[in-house]
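Heads up: the structure comes next, in structure tokens.
Bear in mind that the values in this text are calculations on the coordinates, not laboratory data. As the structure is a computational prediction, the values presented were derived from the model and not from experiment. Every residue, glycine as well, gets a Cβ built from its backbone with ideal geometry; the counts of neighbours run over all protein chains shown.
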Ligand code: MN
């Protein structure tokens, strides 16, 4: 049994090469290879989001608090909020982040090692779901 303690784990600022806006990442647990499973808790300030990326083994996300968005290359955009569970398939390029007017915190389990990062999400893509 391995326990990552909520009262002692540290948060690292999401790097500007992979996140837009202010993001804090807590790397809670990581399993040894070959599962290469990473467990993270990520806090996004309003408007903050990831760059485009994919996870070789897919990603499960659970929105702990706030409201946010997630988008894929086919132009689809979904509003997500506290209590929502999201599955991103292996290799599917996507992004996720907070809504413009709300922070968002999600718990995520990433499989297949570190994400494969691509370019920044444009304001147009980020705003695609705006009415
Ligand atoms: Mn992801």
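When only C-alpha pairs under 8 Å and at least 6 residues apart count, what is the relative contact order of segment 39-90, in percent?
Dividing the mean separation by the residue count of segment 39-90 yields 39 percent.
Place a point 7 Å from Cα of residue 37 in the direction of its Cβ. Which residues in segment 70-92 have their backbone N less than 17 Å from it?
86-90
When each pair of different Cα atoms in segment 38-93 is counted once in the 1/r mean, what is the Kirkwood radius in angstroms, to one decimal?
12.1 Å is the Kirkwood radius here.
Averaging over all projection directions, find the projected area of the Cα convex hull of segment 31-131 and quote it in nm² with one decimal place.
Hull-based average projected area comes out at 5.8 nm².
Using 0.36 nm per residue, how much length does the chain from residue 128 to residue 2 gain when fully extended, once their Cα-Cα distance is taken away?
In short, 41.3 nm is gained.
Quick check: Cα centre of segment 34-49 to Cα centre of segment 92-113, how many Å?
Their Cα centres are 6 Å away from one another.
Got the relative contact order for the chain handy, in percent, Cα pairs under 8 Å and 6 or more residues apart?
Normalised by residue count, the contact order of the chain is 29 percent.
Report, to one decimal in Å, the Kirkwood hydrodynamic radius for segment 1-56 based on all distinct Cα pairs.
Final number for the Kirkwood radius of segment 1-56 is 12.7 Å.
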